1. Quick one: would you say residue 9 is at negative phi, buried (at least 17 other Cβ atoms within 10 Å of the Cβ) and either in a helix (DSSP H, G or I) or without any contact (Cβ under 8 Å) to a residue 24 or more places away in the chain (or both)?
2. Find the residue count for segment 29-63, including only residues that are touching a strand residue (DSSP E or B) at 6+ places or on another chain (Cβ under 9 Å), buried (at least 18 other Cβ atoms within 10 Å of the Cβ) and not in a helix (DSSP H, G or I).
3. Quick one: in segment 64-88, of everything that is in a helix (DSSP H, G or I) and closer than 16 Å to residue 28 by Cβ, which residue is farthest from the chain's Cα centre (by Cα)?
4. Among the residues of segment 12-52, count how many are on the phi > 0 side of the Ramachandran plot and either touching a residue at least 12 places away in the same chain (Cβ under 8 Å) or in contact with a helix residue (DSSP H, G or I) (Cβ under 6 Å, 6 or more places away or on another chain) (or both).
């Protein structure tokens, strides 16, 4: 399992590649990272903490961070539902 700092760095690189940013509010980012790691420990995957894990592996695959919804949400709202990723 990754450390919180490793995961944060991984998502920073991901955001750069996608032309988006991590939220500049470190408290929010740290809380979301904690939720992701908690979900990984509890459920075996880094499911978005803002979404409900159903137990249906095929459906739940969609909410592994970065989830399939985040880019559309960033385009429409300026941030993903969790507020981890934001528009540059």
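Every number here is computed from the coordinates shown, using simple stated rules; none is lab data. For clarity, every value in this text was computed on a predicted model and none was experimentally measured. Note that each Cβ is placed from the backbone with ideal geometry, even for glycine, and that neighbours are counted across all protein chains shown.
1. Values: at negative phi: yes; buried (at least 17 other Cβ atoms within 10 Å of the Cβ): no; either in a helix (DSSP H, G or I) or without any contact (Cβ under 8 Å) to a residue 24 or more places away in the chain (or both): yes.
It is false that residue 9 is at negative phi, buried (at least 17 other Cβ atoms within 10 Å of the Cβ) and either in a helix (DSSP H, G or I) or without any contact (Cβ under 8 Å) to a residue 24 or more places away in the chain (or both).
2. Number satisfying all stated conditions: 3.
3. Taking segment 64-88 first, the residues in a helix (DSSP H, G or I) are 70-77.
Narrowing the set further to residues that are closer than 16 Å to residue 28 by Cβ leaves 70, 73-74, 77.
Values: 70: 8, 73: 12, 74: 12, 77: 16 Å.
Once the filter is applied, the top-ranked residue is 77.
4. Taking segment 12-52 as the starting set, the residues that turn out to be on the phi > 0 side of the Ramachandran plot are 19, 44.
Of the ones still in play, those that are also either touching a residue at least 12 places away in the same chain (Cβ under 8 Å) or in contact with a helix residue (DSSP H, G or I) (Cβ under 6 Å, 6 or more places away or on another chain) (or both) are 19.
Of the residues in that region, 1 qualify.
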